[in-house]
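Trainee: Below is the structure I would like to discuss, written out as structure tokens.
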């Protein structure tokens with residue numbers, strides 16, 4: 001009988017693969033959300049002219065997707081460098097990705113769920129706990 005064993009934790013002090021995966025998924029989803037949200041908001045805004053404002057109710061979903069996309073891009077830029085510049089994964093962002101289902105986007109909720117699952121992994125939690133906190137730069 002063979003038993004499955006978990007992979008040993010990263011002892012090299014490098015960034016775990018799940019942190020890198022969260023950063024890449026967040027960056028890709030952010031770019032797609034920003035583009036999708038702009039297209040959705042503009043197309044619904046234009047079609048509102050022809051339908052006397054009925055489809056204007058869908059424009060906020062496009063604006064929400066743009067806001068989530070911009071926040072995702074900012075968070076991914078902070079997560080990508082080695083070592084990261086944040087002390088923990090922003091879980092509010094994963095929740096916003098899940099709520100982005102209101103804009104009929106199915107990729108964003110999947111990314112949000114995966115990010116929440118990966119962020120609760122013990123290896124990821126210990127990595128963020130070991131990230132040094134840098135003092136804020138003094139302004140001149």
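Trainee: Roughly speaking, what is the stretch gain from residue 87 to residue 125, that is 0.36 nm per residue apart minus the C-alpha to C-alpha distance, in nm to one decimal?
Mentor: On the way: separation 38, 0.36 × 38 = 13.68 nm, distance 0.97 nm.
Answer, rounded to one decimal: 12.7 nm.
Trainee: Between residue 20 and residue 110, what length comes free when the chain is fully extended (0.36 nm per residue of separation minus the Cα-Cα distance, one decimal in nm)?
Mentor: Values: separation 90, 0.36 × 90 = 32.40 nm, distance 1.67 nm.
Using 0.36 nm per residue and subtracting the Cα-Cα distance, I get 30.7 nm.
Every number in this text was worked out from the coordinates using simple rules, so none of it is lab data. A quick note: this is a predicted structure, and the numbers were derived from the prediction, not measured.
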